[in-house]
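Notes to accompany the following structure.
The values are calculated or read from the model by the stated rules, or taken from the named source; none is laboratory data. Just so it is clear, the structure is predicted and the values come from calculations on it, not from any experiment. Every residue, glycine among them, receives a Cβ derived from its backbone with ideal geometry; neighbour counts consider all protein chains shown.
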Amino acid sequence: MIYQELLYSRSLSKDYRWMIVPPKVSPESLKTLNQLYNLYDKHKHTFSKTSVLPLYCINHAGMTFLVSCGPSNHKDKDGRDIYCLQGICVRQEYQRHLWLNFPWILVNCQTKGALNIWRNIDFSQADDLVRHTSGDCFFRFGQEDKPLSELTKPTNPPSGKLFTDEPTYISFDKDGLKELSHLLVSNYHTCVDFAFGVTPEMVKQFDFKIIAEAGNGSKIKNTGDMVTTEVASSRVPAAKVIRELFEDPLARFDPKKNVDMPRMKVLRGSRYPRVFSQFLPRLLSLLKTGKKLNQSESSGQ
């Protein structure tokens with residue numbers, strides 16, 4: 001499979017810039033990748049404690065970009081860590097080859113550094129590297145590489161079918177990486193946009209079909225489940241919100257408890273629905289208890 005390399009980073013003395021770019025790549029594609037990196041850079045503290053690197057696939061202008069964001073293991077002249085966006089670009093005629101090789105790429109991007117472009121660059125000479133055009137590259141498969149069936153075998157049961165109209169959620173860990181490989185091989189004959197390691201703000205900016213949220217350890221099979229309050233509150237079914245509202249021990253034993261839909265809309269739109277779902281039933285129960293005490297005292301007099 002033929003591909004080209006791309007690298008957005010900085011060097012010892014020069015600021016962040018495109019250091020390596022694929023030939024004939026459009027300015028709009030580079031702008032999109034810049035937007036992706038800026039969002040990663042804004043939230044890079046979220047990824048600092050994870051055991052895997054974020055990985056993104058974006059199809060744009062007839063090309064597929066498979067890139068990773070993270071530390072470069074280099075420091076600038078002031079001793080600050082240098083971060084980067086690096087990876088590969090595949091032209092449209094090789095997208096099917098990319099799809100077939102995804103399991104090997106996903107495994108080796110975490111171990112052998114298949115997407116690590118920095119590994120072949122002399123850092124001492126990197127100050128002069130500005131918009132260097134990438135040549136054609138080829139993946140080389142060794143005899144020690146695991147067979148396709150092993151690479152796509154997830155530790156946990158796979159999510160199964162991908163939804164074409166709504167994203168599918170997986171976990172952001174090593175098991176999620178295997179499941180991502182399984183989903184791509186089992187469901188698609190072409191590349192789809194995915195984000196393995198993403199924040200709510202990044203989800204809003206891109207149309208990812210497979211999403212692994214950073215900081216969210218639970219695996220979510222489809223959009224019928226809650227992801228995070230900020231991202232998925234608008235997609236939570238009313239029945240689920242009502243069920244959560246009645247999880248309070250006091251409200252559960254009140255048969256006269258009624259929930260009106262206007263109140264549910266307020267709870268669904270709030271950033272803190274769980275707080276309200278716990279506070280409101282208890283408050284109402286306390287008010288009813290106080291009312292009954294007052295009536296008892298009045299009748300006793």
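Okay, residues lined up against (1) part of a helix (DSSP H, G or I); (2) surrounded by fewer than 21 Cβ atoms within 10 Å (Cβ to Cβ):
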{"position": "ASN73", "(1), (2)": "no, yes"}
{"position": "LYS77", "(1), (2)": "no, yes"}
{"position": "LEU85", "(1), (2)": "no, no"}
{"position": "VAL90", "(1), (2)": "no, no"}
{"position": "ARG96", "(1), (2)": "yes, yes"}
{"position": "TRP99", "(1), (2)": "yes, yes"}
{"position": "PRO103", "(1), (2)": "yes, no"}
{"position": "ASN108", "(1), (2)": "yes, yes"}
{"position": "SER124", "(1), (2)": "yes, yes"}
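Residues that are at pLDDT below 90, surrounded by 20 or more Cβ atoms within 10 Å (Cβ to Cβ) and of a type in the set (Gly, Ala, Ser) within region 165-205 comprise just one, SER181.
Of all residues in region 45-53, none are surrounded by 13 or more Cβ atoms within 10 Å (Cβ to Cβ), at pLDDT 95 or above and not in a loop (DSSP other than H, G, I, E, B).
So that you can scan it fast, the table gives a plain yes or no per residue for (1) out of contact with any helix residue (DSSP H, G or I) (no Cβ under 8 Å at 6 or more places or on another chain); (2) of a type in the set (A, V, I, L, M, F, W, C):
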| position | (1), (2) |
| --- | --- |
| TRP18 | no, yes |
| PRO23 | yes, no |
| ASN38 | yes, no |
| LYS42 | no, no |
| THR50 | yes, no |
